[in-house]
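To start, the structure itself, in structure tokens.
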Amino acid sequence: MPNTLAPPTPRNSRCLVTGASGFISSHLAAALAAAGNEVACLVRPGSRRDILSALPVRLIEGDCLRRETLRAAVGGADLVFHLAGAISAPGREAFFAVNAGGTRNLVEACLEWNPSLRRLVHVSSISAAGPSPRGGSRSEADECRPVSDYGRSKLEAERAVRGAGSALPWVIVRPPNVLGPRQKELEGSIALLRLHVRPLVGRRASRTSIIGVWDLVRALQLVAADERAVGRTFFVTDGVPVSWRDITAAFARAAGRRGAYVPVPFPVQYAAAAVAELLARWRRRTPPFTREHVTAARAYDWVYDDRAIRSELGFRSEMDLDGVAARTVAARGQRVGAHG
Ligand SMILES: NC(=O)c1ccc[n+]([C@@H]2O[C@H](COP(=O)([O-])OP(=O)(O)OC[C@H]3O[C@@H](n4cnc5c(N)ncnc54)[C@H](OP(=O)(O)O)[C@@H]3O)[C@@H](O)[C@H]2O)c1
């Protein structure tokens with residue numbers, strides 16, 4: 001018989017969200033607060049706070065690189081959602097310091113200062129698993145074969161979480177490309193579409209799994225509330241792999257910008273990424289995209305089988321690519337509280 005009950009979601013819980021000034025976390029913090037939870041957001045002293053200022057959340061300063069700064073944040077939480085991380089970094093060392101080292105510190109902080117924690121939800125990535133075989137998909141049971149420093153550092157972070165064993169009620173979620181308002185690369189693409197430039201990046205035939213940020217946020221709430229998720233690792237997608245061209249086309253439709261694609265040859269993409277990395281290093285900032293991103297989009301498929309979270313926990317994605325594109329374009333420029 002189909003399960004017609006609404007999936008569980010945390011309510012009246014004390015939640016800590018790390019990486020709260022970032023794209024996914026800010027949507028998660030908004031959803032958790034809207035569901036009646038008490039939400040604390042971990043921010044660094046230099047983190048942007050404008051997005052969070054519209055939300056009924058408490059800010060706690062801390063840095064995942066310095067374990068002792070996490071004490072106050074993890075100490076009072078029922079549920080910890082760990083999303084702080086580096087998607088883009090100047091090199092291997094920086095990826096491993098933040099993604100692997102930062103996660104290890106958080107796990108140790110939870111073990112030491114919150115023995116009654118109800119759940120640690122760790123947000124990993126499909127990059128930790130590695131690309132999928134051409135024409136096929138990857139499941140959680142497949143051996144991990146990351147192909148980038150980002151992916152290897154996210155896999156190392158997963159090991160740190162699993163290393164806690166049964167001492168911590170952890171769950172790992174591996175999202176694919178997440179789409180929604182405030183995703184940095186998308187913001188750039190939408191701005192180009194508004195100028196009638198419709199860039200075609202990546203390899204024409206490459207396919208990728210995707211998920212809208214609102215569905216991902218529901219999945220994170222689900223695994224936090226469902227006891228059966230403890231000790232498990234889940235892929236979560238919208239169920240429909242697409243090409244990079246499909247993504248661009250959906251956003252062009254949503255922005256009302258039809259017309260021809262401008263193919264961006266691989267050497268141009270690669271050179272642009274190299275320049276972005278150089279500029280970022282010079283300005284001591286994170287590059288918006290890197291040569292690693294460009295190569296990953298061109299060389300591989302990134303398609304994942306998420307039957308486990310669907311069949312075992314009853315997860316249902318609600319929004320397809322067109323829906324996500326329409327809502328993202330409509331939300332551009334609005335405040336977070338309006339649609340978080
Ligand atoms: N976006 C995607 O498509 C995608 C897909 C799969 C998995 N993920 C994973 O999802 C998580 C969130 O991704 P996102 O796209 O939302 O990232 P994002 O927008 O780049 O945000 C990253 C957040 O991490 C924080 N952070 C970085 N280093 C930190 C440290 N040492 N201590 C505390 N906070 C730190 C940043 O704070 P500052 O503001 O201070 O820099 C920022 O708030 C990441 O773990 C990522 O690997 C993302």
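Based solely on its DSSP helices, what 222 nm [θ] is calculated for the chain when runs of n ≥ 4 H residues each add -39,500 (n - 2.57) and the sum is averaged over all residues, nearest 500 deg cm²/dmol? After summing the helix terms and dividing by the residues of the chain, the value is -11500 deg cm²/dmol.
Below 8 Å between Cα atoms, with a sequence gap of 6+, how large is the relative contact order for the stretch 126-267 in percent? Walk me through the intermediate numbers first.
Details: 188 pairs, mean separation 40.6, N = 142.
It comes to 29 percent, rounded to a whole number.
Accessible surface area normalised per residue over the stretch 1-125 is 45 Å², counting heavy atoms of protein chains with a 1.4 Å rolling probe. Projected over all directions and averaged, the alpha-carbon convex hull of the chain occupies 16.6 nm². Across the stretch 127-207, the relative contact order, built from alpha-carbon pairs under 8 Å that are at least six residues apart, equals 20 percent. Between 0 and 90 degrees, the angle of helix 321-331 with respect to the longest Cα principal axis of the chain falls at about 80 degrees. Using a probe of 1.4 angstrom, how much of the accessible area of the chain is carbon and sulfur, in percent? The C+S portion of the solvent-accessible surface of the chain is 53 percent.
Accessible surface calculations at 1.4 Å, restricted to protein heavy atoms, place the stretch 152-298 at 46 Å² per residue. Would you mind checking which residues have amide H under 5 Å from Leu42's amide H? H placed 1.01 Å from N; only 5 or more apart, or other chain. It is Val17, Thr18, Gly19, Ala20, Ile60, by chain and number. Protection proxy ranking for 126-135, 77-86, 306-315, using the average of other Cβ atoms within 10 Å per residue and placing the highest first: 77-86, 126-135, 306-315. Distance between the modelled labels on Arg11 and Ser166, one decimal in nanometres: 3.2 nm (7 Å Cα→Cβ projection).
Highest mean packing first, where packing is the average number of other Cβ atoms within 10 Å per residue, the peptides 47-55, 229-237, 210-218 line up as 210-218, 229-237, 47-55. When the Gaussian network model of the chain links Cα atoms closer than 10 Å, the mean-square fluctuations of Ala296, Ala272, Ala252 top out at Ala272.
The values are calculated or read from the model by the stated rules, or taken from the named source; none is laboratory data. The structure displayed is predicted, hence computed values, not measured ones. Because the Cβ atoms are built from the backbone with ideal geometry, glycine has one as well, and the counts that use them run over all protein chains shown. Heads up: the accessible areas ignore ligands, DNA and RNA and are worked out on the full protein's heavy atoms, side chains in. Shrake-Rupley method; radii C 1.70, N 1.55, O 1.52, S 1.80 Å.
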